[in-house]
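Quick notes on the structure that follows.
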Amino acid sequence: MESENFKLFTEITGEQDIIKITNSLQRNNFNVDLAIDQYYRELHRQNLSQELMLKRKFQDSQQGILLGTFDSDAYAISSIQNVKNGHRLSIRLPKQHTFGKNKKKEDQDKTVRFAMEPNGFSVGKFPQAVSEFLYPLISGNLIEIEVFVLDSQSSLSLLDSLKVTINVILKPEALCDPAQTAKEVITQKNASADEYFTQREAFQKLFKLLNLEKTQSALVNHKREPLNDKLNLEESKGMENVDKALGLDDLNGESELSEMEPAPSFRSCLYSYQKQALAWMYERETHTKSNRNNGELHHLWEEYKAIDGRFIYFNHYTGQVATKFPEGGALCKGGILADEMGLGKTVMVVSLLHTHRRGYTHSPKKSKNINEGGTLIVLPLSLMTQWHSEIENHGTGLKVMEYYSEKTKSLRELGSPDVVLTTYGVVQTDCATSGPLFKMNWFRIILDEAHNIRNRETGITKSCLKLQGLYKWALTGTPIQNRLDDLYSLISFLEVEPWNDYLWWNRVITKPFNRQDPNVFEALRRLLKPIVLRRTKASKLANGSPIISLPPLNIDTIYLAMHIEERRVYDRLFNHTKARFRSLISQGRLKSYISSVFELLLRLRQLCNHPFLIMNKNDADPLESIDKFFNKVVENTSENYINELVDKIKQGEAMDCPVCLDMIDDAVITKCGHFMCRLCGVQQVEKNRNCPLCKAVLTAHDLTTVPRENKFQLDITKEWRSSAKIEYLLNLLQESNEPTVVFSQWTTMLDLLEIALKKAEISYARLDGSLNKNQRENALQLFKNGRQVMLITLKAGGVGINLTYASRVILMDPWWNPAVENQAIERVHRIGQNRTVRAIKLICHDTVEERMLELQARKQEISEGAFTAHTTTMSLDNLKIIFDEDGI
């Protein structure tokens, strides 16, 4: 039957296009009469549209460009007589009035209407979806439109529909210079940012409707080839895994990259994937086009042919329109090396230092400018020794300087070495004092642990962005930590246009992402593909083999039952905390008193490790029992108690560290009388050189350690009692004497573990934030020389150390962000490891720790975590998970 209809359709219409015939029949359920009728109606409309285009008067180039045409529905808002196909309608925009205090600009009527004659009254309107983009473009004098009746009855009643065709004429005011930033254009046009971006978004919608011929131009030889606008993107399912959606889990990781041998002065052997990284970095520096006369179209722009034959260039991401050819130029001369932790990013960069050195290295000294520098590497202070030794161990011929002391270096001194190592804190200080780092034109600038600049508002970020260098690199295994905006600072540092303009980034990336628009990933993939190299340990080479053969990593989560006494204390405190939470929610006061909830949550987490952890010097009298202490906490959680805590915070006596907002660990006191964790204090002084509370200027000499023996106001050795977690740990260590690294968040927990290990006669070493550089190296050497256990705090040992001589990792307590735990495990499971690694997470059953695991899963989303830089950003949804309050 279908074949007969097909044959009949062809005989009557004479149409020979098989696809067109099939589509016509399918749209009409193979009813040949309906299909033929629709075919002739559409043919009539097409012929009429072409006839109208021939009739119209083309605008000359001074008045505008005939861009294209699209069809639309329209609706009568009154009765209309004598409607003829081909009749030209007159456009009417609503008059806007001055609004009172209670009126919003968004409430303005922006419906585009039409009249039958130039001086007539409005008799019809366009659908809201069409008016939405036509209004800002017409009212902004950016386009002119000609509207003709395409298909209509001779008379129309209220809300009857008619088909119209709309010709779009692009006015000169709509065109922009592709090289200009949004800020420059807004200033030049004296317009508001909202108005400007509304118009650009309107152009984005308009271009989707215009059926323009798409071409791609190579300006040098005028070859125009079809442009494939389909990107090979992975779908983001609910935006639950942004790394996967962006391809950051394996960007460029399937290794179509070529390999490159390093210069002879580099003496170590590289893995294949490291040679690929060297080739990629070398290519980015030497072959990336550095000028705008290369004849290639910019990667964000597309070329179209307007109806009048002229070429138009459109940026679908920014909504910019131009007739000037957007030169490709360089995305940036550098990029983001985002390989997973443990793959040897440092060695890859060292090979680049040897292979591509500044051009004047072997030139006569007299030809070198005094302010020309070599490679500047900015890093955390804890990694300076590691970088220095890596550069020295992997090759010869590179002169290295550490620029860290207070003594000012001359430009000649800084320009002499091939590599200058400095810290983020020194960069910030030099920026504030116009120091020598900012008077140099560096050959290359490298930011190690580049996520340190993820917050664009911090002084460290602003300082790093002001450094002047020919090539720029950002090294980080976690380019996105908490939110998508983490990427912006890296893009800004690399000077990737136009994305380093935050107006564009916020409008095109951040806002669409926040409203969960999955289309944002297309723009991000297009942006990141050329400038990011990201491989994981699961990545494969072109032949299908893994890029690196590491022994297996087995991660086990062990759920433990608390001891009866632990459970009794825990349940009482949890029920009280839950009641407190419910009360604050019902009163709408959670934000004001969230610090008290946060402190009680901290207690619950510590109770999961050992009850002694909630009995340190600030909380308990020497003879106070656990029960009495608990009662004190419960009875005093009143407004007066909260006010007392606030007063103590102001006096610098509170338990919370003002830097990490966790319980103070290894306390130090500043010269201005404020307490904080020792490691937080050292980092604060190194990075910011001031007190986080009163902003007093601080140096390392202004921090005084609070004696360790005052942490517990009871003799924890004489009154020793174990806990479920400690007992499990001891059993593991006694069953197997393999080298084991034990991580905890709290040094007080390490104090307790030391007692347990001594009693069990198990050898150990310890590394925490209280150790200086020499003590730290001695502790690592003791472990390497045969101590069975290394006790480490997450803050002190999460980055910057190599522990491949261990084969087992124990995480005594979970952390809100799983990336912190992964960094700790990567200290053991990395290049150089030749044994199977087992990582064990200890979780107390039916406690907040189980719910923290749920939050860790949610951290795969790019969003604010359960806790970020300020406790007041704690998410209500996350708190509900913690307290199992789905029904609130």
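The values are calculated or read from the model by the stated rules, or taken from the named source; none is laboratory data. Keep in mind it's a predicted model, so treat the numbers as computed, not measured. Note that we place each Cβ from the backbone using ideal geometry, even for glycine, and neighbour counts take in every protein chain shown.
Points worth noting:
- Among the residues of the stretch 146-177, the ones that are more than 15 Å from Ile80 (Cβ to Cβ) and either surrounded by fewer than 19 Cβ atoms within 10 Å (Cβ to Cβ) or of a type in the set (S, T, N, Q) (or both) come to 7 in all.
- Single condition Tyr75 does not satisfy, out of (1) outside any helix (DSSP H, G or I); (2) modelled with pLDDT of 75 or more; (3) out of contact with any Gly (no Cβ under 8 Å at 6 or more places or on another chain): (3)
- Tally, over the stretch 803-849, of residues that are within 16 Å of Tyr728 (Cα to Cα) and basic (Lys, Arg): 3
- Matching residues in the stretch 186-236 - criterion: being assigned to a loop (DSSP other than H, G, I, E, B) and modelled with pLDDT of 50 or more: Asn190, Ala191, Ser192, Leu210, Asn211, Leu212, Gln216
- From the options Thr458, Thr422, residue that is of a type in the set (Val, Ile, Thr) and free of Cβ contacts under 8 Å to residues at least 24 places away in the same chain: Thr458
- Residue list for the stretch 813-858, filter: closer than 17 Å to Thr793 by Cβ and in a helix (DSSP H, G or I): Ala819, Val820, Glu821, Asn822, Gln823, Ala824, Ile825, Glu826
Residues checked against (1) more than 25 Å from Leu613 (Cα to Cα); (2) touching a strand residue (DSSP E or B) at 6+ places or on another chain (Cβ under 8 Å); (3) polar (S, T, N, Q); (4) at pLDDT 90 or above:
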site	(1), (2), (3), (4)
Thr804	yes, no, yes, no
Ile810	no, yes, no, yes
Ala824	no, yes, no, no
Ala839	no, yes, no, yes
His870	no, no, no, no
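- Residue among Ser49, Ser90 that alone is modelled with pLDDT of 90 or more and either among the hydroxyl-bearing types (Ser, Thr, Tyr) or assigned to a helix (DSSP H, G or I) (or both): Ser90
- Residues of the stretch 431-484 that are in a loop (DSSP other than H, G, I, E, B), within 22 Å of the chain's Cα centre (by Cα) and among the polar types (S, T, N, Q): Asn455, Thr458, Thr476, Thr478, Gln481, Asn482.
- Unmet criterion (only one of (1) within 19 Å of Ser382 (Cβ to Cβ); (2) touching a residue at least 40 places away in the same chain (Cβ under 8 Å)) for Gln781: (2)
- Residue in the stretch 122-132 that is closer than 17 Å to Gly68 by Cα, outside any strand (DSSP E or B) and assigned by TED's automatic domain parsing to the domain that holds Ser90 present: yes
- Remark: Asn102 matches the filter, which requires a residue to be part of a loop (DSSP other than H, G, I, E, B) and either modelled with pLDDT of 80 or more or outside the structural domain of Ser131 (by TED's automatic domain parsing) (or both).
- Residue list for the stretch 796-854, filter: closer than 30 Å to Arg572 by Cα and of a type in the set (Lys, Arg): Lys841, Arg851
- Qualifying residue in the stretch 432-448 (condition: modelled with pLDDT under 90 and charged (D, E, K, R)): no
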